[in-house]
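Heads up, the thing below is written out as structure tokens.
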Amino acid sequence: MIKIAPSILSANFANLAAEIKDVEAGGADYIHVDVMDGHFVPNLTIGPLIVEAIRPTTSLPLDVHLMMENPDQYIPTFAKAGADIITVHAEACPHLHRTIQLIKEHGVKAGVALNPATPIDHVKHILEDIDLVLLMTVNPGFGGQKFIKSVLPKIEQISQLIQIRHLSIDVEVDGGVNEETARLCVEAGANVLVAGSAIYDKEDRGAAIKAIRSTL
Ligand code: DX5
Ligand code: ZN
């Protein structure tokens, strides 16, 4: 039931197709794609061209995490490039319902992400319209950062709210997820675990995925 989404941010970009096939063979459920614009977060990473290029290399869903200002401008392009899930940050979307609508108009699943310091109030009014809530467990921008434990109560709160309202929404966590922290997230109610360095920094990615699963 728990899905594991390796983040290719920590993969070898000179060898992306093989890096993706490696985690697919190793039991990954999604491929997590971190898009950073150098404004919303202090880093620049992947654009739609890369999403389009990797699309044919895997049959796994591409879970595209947009860490960018004004995502509306690029949602159609990412959808056409082959994204299966597009997640935007609540902090970057003044007209969140409109942005979610735009994602859905393109036949793509829609998610909303919250930074560690953003309360769950920012998604309460849109839960009925989305497929996924992404709770950041680090401040977005880089792989390999330390898990922020104070996000755990937020995971519990949002999971309870989803249950009370009888919704079927994925609760995804992203940042510092590893063999030690994965279980805490799942116990709090998360069902999709993004892991970058905990998988791609290991030589045997299949073993790394299994190691995380074995702790759950
Ligand atoms: C952080 C990104 C994450 C990142 C996770 O800004 O959104 O997806 O790749 O990397 P780890 O698992 O190494 O913290
Ligand atoms: Zn991410």
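Read-outs throughout are calculated quantities, based only on the coordinates presented, and are distinct from any laboratory measurement. Since the model is a prediction, treat every value here as computed from it, not as a measurement. With ideal geometry, Cβ positions are generated from the backbone for all residues, glycine too; neighbour counts draw on all protein chains shown.
Binning at 5 angstrom from zero up to the longest distance, how are the C-alpha pair distances of the stretch 69-125 distributed in percent?
Calculated over all Cα pairs of the stretch 69-125, the distribution is 4, 21, 33, 23, 13, 6, 1 percent.
Per DSSP H run of n ≥ 4, the term is -39500 (n - 2.57); total these for the chain, divide by its residue number, and report the mean residue ellipticity at 222 nm rounded to 500 deg cm²/dmol.
Here the helix-only value at 222 nm equals -9000 deg cm²/dmol.
Jot down the radius of gyration and Dmax of the chain, Cα atoms only, both in angstrom.
Final numbers for Rg and Dmax: 15.7, 46 Å.
If all Cα-Cα distances of the stretch 94-216 are sorted into 10 Å bins from 0 onward, what percent lands in each bin, rounded to whole numbers?
All Cα pairs considered, the percentages come to 13, 42, 33, 12, 0.
Karplus couplings for the stretch 182-191 from phi (6.51 cos²θ - 1.76 cosθ + 1.60, θ = phi - 60°), rounded to Hz, Gly and Pro as x?
4, 5, 4, 5, 5, 4, 7, x, 6, 10
So what are the ³J(HN,Hα) numbers for the stretch 145-153, from phi and the Karplus equation (6.51, -1.76, 1.60; θ = phi - 60°), rounded to whole Hz, Gly and Pro as x?
With coefficients 6.51, -1.76 and 1.60, one gets 8, 7, 4, 9, 5, 5, 7, 3, x Hz.
Amide H to amide H under 5 Å from I4: which residues, 5+ apart in sequence or cross-chain, H placed 1.01 Å off N in plane?
HN-HN under 5 Å from I4: D29, Y30, L193.
For the stretch 1-56, how big is the tail of P(r) above 12 Å, as a whole percent of Cα pairs?
68 percent
May I ask you to order 7-13, 67-73, 109-115 by the average number of other C-beta atoms within 10 Å around their residues, highest value first?
109-115, 7-13, 67-73
Compute for the stretch 143-201: radius of gyration divided by Kirkwood radius, i.e. Rg/Rh, restricted to C-alpha atoms, rounded to two decimals.
A ratio of 1.00.
I need to check one value: relative contact order of the chain, counting alpha carbon pairs closer than 8 Å and at least 6 residues apart, in percent.
Normalised by residue count, the contact order of the chain is 21 percent.
How much net charge surrounds T215 when only the other residues with a Cβ under 12 Å from the Cβ of T215 are counted, with Lys and Arg +1 and Asp and Glu -1?
That sum, taken over residues with Cβ under 12 Å, equals 0.
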